[in-house]
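The values are calculated or read from the model by the stated rules, or taken from the named source; none is laboratory data. These numbers come from a predicted model, not from an experiment. Please note: Cβ atoms are built from the backbone with ideal geometry, for glycine as well, and neighbour counts cover all protein chains shown. We work out accessible area using only protein heavy atoms, side chains counted, and drop any ligands, DNA or RNA first. Shrake-Rupley method; radii C 1.70, N 1.55, O 1.52, S 1.80 Å.
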Amino acid sequence: MKKCNVGRLVVWGLAALMLGAAPAGAGAQEEVVKLPEVSVTATRSQQAMEKLPRNVTVITREEIEAMHPQTVTDLLKGIPGLVVRDFTGTGALATVDLRGFGEGGNTHTLVTVDGRRLNQIDLSGVDFTTIPVENIERIEILHGPAGVLYGDSAVGGVINIVTKEGAGKPGGKLETQYGSYGLWGMNGNFQGATDKASWFVSARQASSDGYRENSETRLQNGTFNTRYFANPTLSFLVDGVFNQANYSLPGALSEQQMNRDRRQSVSDNQWAENQDYSLRGQARKDFGTAGTFTTDLSYRERKAKSEMYSKLDTNIGTWGLQPKHVLDGKLFGLAHRLTLGADYFKWDMNTDTYQIGGPKTGSVDYKLDSLGLYLLEELSLTPKLVLSLGGRFQKADYDIDNKPVGGSADSRSFGDDQYAWTTGLAYSFSPQSKVYGRVSRAFRYPTVEEYVTYGTFCDLSPEKIMNYEVGAEYTFLTSGRASLSAYWMKLKDEIAYNPATYLNENLDDTEHKGVEAALRVPMWKGAYAFGSLALEEAKFTSGPYDGKHLPLVPDWSGAVGISVEIIKNLTAMGRINYVGERYFGNDKENAYDKMDSYATVDLHLNYKWQKLNFFLNANNLLDEKYSSYGYAGYWGKSYYPEPGIVVWGGVGMSF
């Protein structure tokens with residue numbers, strides 16, 4: 001396999017950083033872009049970044065518009081400590097991995113949209129292609145466990161996608177794009193606001209034939225949100241989403257097959273389709289000195305069908321109720337904020353299994369009731385020093401009914417109680433700058449499909465996590481920022497699939513250690529350089545794999561780039577993404593050679609003229625041949641090749 005030319009990466013990276021640093025003393029102060037000052041995700045309400053004892057990354061609307069990415073995962077590739085892996089090469093079924101969980105990355109990273117949980121109780125993961133990037137206002141990434149406020153699955157971190165709401169005079173936008181491998185798309189929105197109400201409505205259709213054979217993707221999406229202001233202290237929100245996704249699955253290739261033709265598919269009849277819709281109502285009341293009360297009532301239904309080694313037909317219905325109260329005031333004469341709330345979810349899931357072209361072979365019904373109660377206290381010991389203390393209790397009750405055709409039904413009911421807690425200190429030594437430290441406990445329940453594998457129940461315990469973290473963040477020259485954090489996570493009962501027994505099982509103790517760094521350097525007006533770096537070590541610390549590395553976790557990864565306004569309204573952004581060597585999936589014994597490292601170069605051009613917006617983008621500009629996913633075992637090695645150079649462009653018109 002071809003090795004990544006790391007020397008090329010280093011040279012380009014150093015050049016970009018030197019360009020950024022050179023003029024910092026002279027013209028950098030002319031850049032007028034301001035960095036995000038608040039987070040809406042870290043405490044589930046707006047809070048100043050310097051008061052948070054944790055690492056938070058924010059992708060702003062300006063950065064999103066400058067890139068015009070195809071999918072959300074394109075935006076996430078430059079985040080320190082976050083690795084994107086893609087089975088199909090089109091973004092469908094792509095997974096994100098925060099802080100080194102490898103094969104289990106998608107079950108250890110919680111994804112929310114406007115605070116609504118996207119992770120389901122099965123192993124399907126989050127389909128990022130169904131989230132329209134043109135509707136996104138900002139993305140916030142919480143690095144590390146966030147179990148107190150978010151509960152189950154918030155282990156490696158939380159990605160919260162905040163979408164746009166209506167504002168200003170009624171208007172909208174229409175946009176179309178074309179690109180490589182039959183890529184085509186069209187989207188539009190209409191939005192506005194009055195003194196009493198706001199609205200935002202959007203629709204999108206997109207398709208691609210894919211880089212590989214049998215990797216077609218077809219997407220349809222519609223969203224709406226409307227907010228009504230009954231009076232200055234009372235508002236109501238109703239929003240909804242509809243998604244339809246159809247995609248083919250090209251499957252894995254052996255090393256010999258990939259060397260012969262990496263675009264081929266050996267699974268021409270494998271496919272999947274999803275239909276997903278959700279509806280939410282929200283009421284918010286400001287009681288003045290008594291605080292603000294918000295409650296959400298939601299329903300989501302997901303229908304999924306797939307045909308791989310068998311045919312699956314799955315339906316999931318989810319009810320959610322989430323009341324929350326936020327109180328700002330004085331405690332013993334000190335300023336404080338108290339956040340308390342509850343998350344109640346009721347899931348009802350059914351999966352029918354069929355032989356391909358044949359009869360039904362079995363059915364499994366899953367029911368899960370989950371109730372989480374949480375509290376977070378943020379106490380300002382001094383105007384610059386904030387103490388955060390929080391806890392969560394969560395109760396989960398399962399009913400699983402396994403009904404194989406021609407066999408004996410097996411029904412089980414059981415429950416489990418878990419808790420999370422956190423304590424942290426943040427000291428702001430200058431505006432938007434801080435040093436911090438925190439200790440926290442988190443947990444992850446097994447998904448219902450981890451409990452039942454190939455019709456067999458697995459005796460599993462929830463994962464328990466202890467996290468220790470310190471870090472610092474420094475803001476300079478208005479729009480420059482440097483951040484550095486170090487963490488140590490100890491996991492007990494991490495869950496993984498064992499291909500030798502065809503069952504899921506709790507692993508021996510594991511340990512995740514790492515350092516994350518990010519830098520943004522203003523150069524002159526309209527220009528800045530940026531970079532990120534993550535060093536990770538994820539190992540078993542007991543049992544037969546003691547001292548071995550977890551599969552698919554790179555020792556280091558990073559990105560470096562530059563954004564420049566070439567002329568007025570014409571912006572260019574270039575970014576190099578690097579992922580280091582890592583062991584193949586399934587290789588817990590570290591018996592095989594590592595997968596090759598790789599570096600890709602992305603370029604984005606964006607030009608605004610009056611009410612028109614033109615964009616031209618290229619991913620993997622240097623046509624790097626690489627795979628983000630790979631597995632090794634008794635069968636040899638298998639790969640999921642990523643696309644070569646992908647070019648797309650388009651035009652948008654505002655009205």
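Largest first, how would PHE287, PHE584, PHE87, PHE332 line up by accessible area (1.4 Å probe)? Walk me through the numbers on the way to the answer.
Working: PHE287 110, PHE584 0, PHE87 55, PHE332 185 Å².
The ranking, largest first, comes out as PHE332, PHE287, PHE87, PHE584.
Quick one: Karplus J couplings for the stretch 625-633, per residue in order, coefficients 6.51, -1.76, 1.60, θ = phi - 60°, nearest Hz, x for Gly and Pro?
Using θ = phi - 60°, the values come out as 9, 8, 9, 8, 10, x, 9, 9, x Hz.
Pairs of alpha-carbon atoms within less than 8 angstrom and 6+ residues apart define the contacts here; what relative contact order does the chain have, in percent?
Details: 1916 pairs, mean separation 94.2, N = 655.
Taking the mean separation of contacting Cα pairs over the length of the chain, I get 14 percent.
So, R0 is 30 Å and r is the distance between the beta-carbons of GLU137 and ASP397; what FRET efficiency does that work out to, to 0.05?
Working: r = 36 Å, r/R0 = 1.21.
Approximately 0.25, to the nearest 0.05.
For the chain, with only Lys/Arg (+1) and Asp/Glu (-1) charged at the beta-carbon, what is the dipole magnitude about the Cα centre, in debye rounded to 20?
Numbers: 66 positive and 76 negative charges, 361 e Å.
With only Lys, Arg, Asp and Glu charged at Cβ, the dipole is about 1740 debye.
For the chain, what is the mean residue ellipticity at 222 nm derived from helices alone (per DSSP H run of n ≥ 4: -39500 (n - 2.57); sum divided by total residues; nearest 500 deg cm²/dmol)?
Working: 7 runs with 46 residues, N = 655.
My calculation for the chain gives -1500 deg cm²/dmol from helical runs alone.
List the relative contact order of the stretch 53-155 as a percent without decimals, with contacts defined as Cα pairs under 8 Å and 6+ residues apart.
Values: 150 pairs, mean separation 35.1, N = 103.
Relative contact order of the stretch 53-155: 34 percent.
Could the peptides 554-567, 193-206 be put in order, highest first, of the mean number of other beta-carbon atoms found within 10 Å of their residues? Provide the component values of the computation, followed by the final result.
On the way: 554-567: 20.2, 193-206: 16.4.
Final packing ranking: 554-567, 193-206.
Please enumerate, by chain and number, the lysines with C-alpha under 24 Å from the C-alpha of LYS637, excluding those fewer than 8 residues away in the same chain.
Cα-Cα hits under 24 Å: LYS2, LYS3, LYS539, LYS548, LYS588, LYS594, LYS625.
For ASP410 and THR382, what is the calculated FRET efficiency with R₀ set at 45 Å and r taken between the beta-carbons, to the nearest 0.05? Walk me through the intermediate numbers first.
Details: r = 59 Å, r/R0 = 1.31.
The value I calculate is 0.15.
With a 1.4 Å probe and every protein chain left in place, work out the accessible area per residue of the stretch 106-170 in Å², rounded to a whole number. Present the calculation step by step, with values, prior to reporting the outcome.
Values: 1450 Å² over 65 residues.
Heavy-atom SASA per residue in the stretch 106-170 reads 22 Å².
Work out from phi, with θ = phi - 60° and the Karplus expression 6.51 cos²θ - 1.76 cosθ + 1.60, the ³J(HN,Hα) of each residue of the stretch 393-403, listed in order in whole Hz, and give x for Gly and Pro.
Running phi through 6.51 cos²θ - 1.76 cosθ + 1.60 with θ = phi - 60° gives 10, 10, 10, 10, 10, 10, 10, 10, 10, 9, 10 Hz.
Given a cut-off of 20 Å, name the pairs among LYS77/LYS608; LYS285/LYS324; LYS346/LYS492; LYS490/LYS513 whose C-alpha atoms lie farther apart than that in the structure shown. Walk me through the numbers on the way to the answer.
Details: LYS77/LYS608 25 Å; LYS285/LYS324 11 Å; LYS346/LYS492 27 Å; LYS490/LYS513 9 Å.
Beyond 20 Å: LYS77/LYS608; LYS346/LYS492.
Tell me, in nm to one decimal, what length is gained between ASN350 and ASP313 on full extension, where the rule is 0.36 nm per residue of separation less the Cα-Cα distance? Working shown, then result.
Details: separation 37, 0.36 × 37 = 13.32 nm, distance 0.81 nm.
The span from ASN350 to ASP313 would gain 12.5 nm if fully extended.
Please report the relative contact order for the stretch 331-447, taking Cα pairs under 8 Å with a sequence separation of at least 6, and give it as a percent rounded to a whole number. Intermediate values should be presented prior to the final figure.
Numbers: 257 pairs, mean separation 24.1, N = 117.
Contact order relative to length: 21 percent.
Per 0.36 nm of contour for each residue apart, how much would the distance between ASP509 and ASN569 grow if the chain were fully extended, relative to their Cα-Cα spacing?
Fully extending the segment from ASP509 to ASN569 adds 16.3 nm.
Run through every distinct alpha carbon pair of the chain and return the Kirkwood hydrodynamic radius in angstroms, one decimal place. Let's see the in-between values first.
Working: mean 1/r = 0.0389 Å⁻¹.
Radius from the Kirkwood sum: 25.7 Å.
Using a cut-off of 14 Å between beta-carbons, work out the net charge of the residues near VAL133 (Lys and Arg +1, Asp and Glu -1, VAL133 not included). Spell out each step's value before the answer.
Numbers: positive: ARG61, LYS77, ARG138, LYS164, LYS173, ARG204; negative: GLU62, GLU63, GLU65, ASP74, ASP127, GLU134, GLU137, GLU175.
In short, -2.
Give me the percent of accessible area attributable to carbon and sulfur for the chain, probe 1.4 angstrom. It would help to have the intermediate numbers written out before the result.
Details: 15900 of 26800 Å².
C and S fraction of accessible area: 59 percent.
Cα to Cα, under 18 Å, and not fewer than 8 places away if on the same chain: which aspartates and glutamates meet these conditions relative to LYS611?
GLU62, GLU65, GLU134, GLU175
Karplus couplings for the stretch 427-439 from phi (6.51 cos²θ - 1.76 cosθ + 1.60, θ = phi - 60°), rounded to Hz, Gly and Pro as x?
The phi angles translate into 10, 8, 8, 7, x, 6, 10, 6, 10, 8, x, 7, 10 Hz.
Mind putting a number on the dipole of the stretch 108-179 about its Cα centre? Charges go on the C-beta only, +1 for Lys and Arg and -1 for Asp and Glu, and I need it in Debye to the nearest 20. Display every interim value, and only then the final one.
Details: 6 positive and 9 negative charges, 43 e Å.
The dipole magnitude comes to about 200 debye.
Of the DSSP beta bridges with both residues in the chain, give the percent that are antiparallel, rounding to the nearest 5. Write out the running numbers ahead of the final one.
Working: 311 of 317 bridges.
Of those bridges, close to 100 percent are antiparallel.
What does the charge dipole of the stretch 180-268 about its Cα centre add up to, to the nearest 20 debye, if the Cβ of each Lys and Arg holds +1 and the Cβ of each Asp and Glu holds -1?
Numbers: 8 positive and 8 negative charges, 38 e Å.
So the magnitude is around 180 debye.
Among the aspartates and glutamates, select those whose C-alpha is under 20 Å from the C-alpha of LYS330, and discard any that sit fewer than 8 residues away in the same chain.
Cross-link targets: GLU50, ASP286, GLU377, GLU378.
Could you give the length gained by full extension between THR541 and LEU234, i.e. 0.36 nm per residue of separation minus their alpha carbon distance, to one decimal place? Present the calculation step by step, with values, prior to reporting the outcome.
Working: separation 307, 0.36 × 307 = 110.52 nm, distance 5.28 nm.
Stretched fully, the THR541-LEU234 segment lengthens by 105.2 nm.
What accessible area per residue, rounded to a whole number of Å², is obtained for the stretch 241-366 using a probe radius of 1.4 Å? Present the calculation step by step, with values, prior to reporting the outcome.
On the way: 6290 Å² over 126 residues.
Using a 1.4 Å probe on heavy atoms only, each residue of the stretch 241-366 averages 50 Å².
Before I look further, what does the stretch 502-655 give for accessible area per residue, probe 1.4 Å, in whole square angstrom? Intermediate results must be reported in sequence, preceding the final value.
Working: 6170 Å² over 154 residues.
On a per-residue basis, 40 Å².
How would GLU642, GLU511 line up by accessible area, probe 1.4 Å, largest first? Present the calculation step by step, with values, prior to reporting the outcome.
Numbers: GLU642 15, GLU511 40 Å².
Result of the area sort, largest leading: GLU511, GLU642.
Can you pull the Kirkwood radius for the stretch 465-529, inverse mean 1/r over Cα pairs, to one decimal in Å? If you can, show how the numbers build up before the last one.
On the way: mean 1/r = 0.0662 Å⁻¹.
After inverting the mean inverse Cα-Cα distance, the result is 15.1 Å.
Please name whichever of HIS68, SER638, THR95 sits farthest to the positive end of the charge dipole of the chain, dipole taken about the Cα centre and charges placed at Cβ: Lys and Arg +1, Asp and Glu -1.
HIS68
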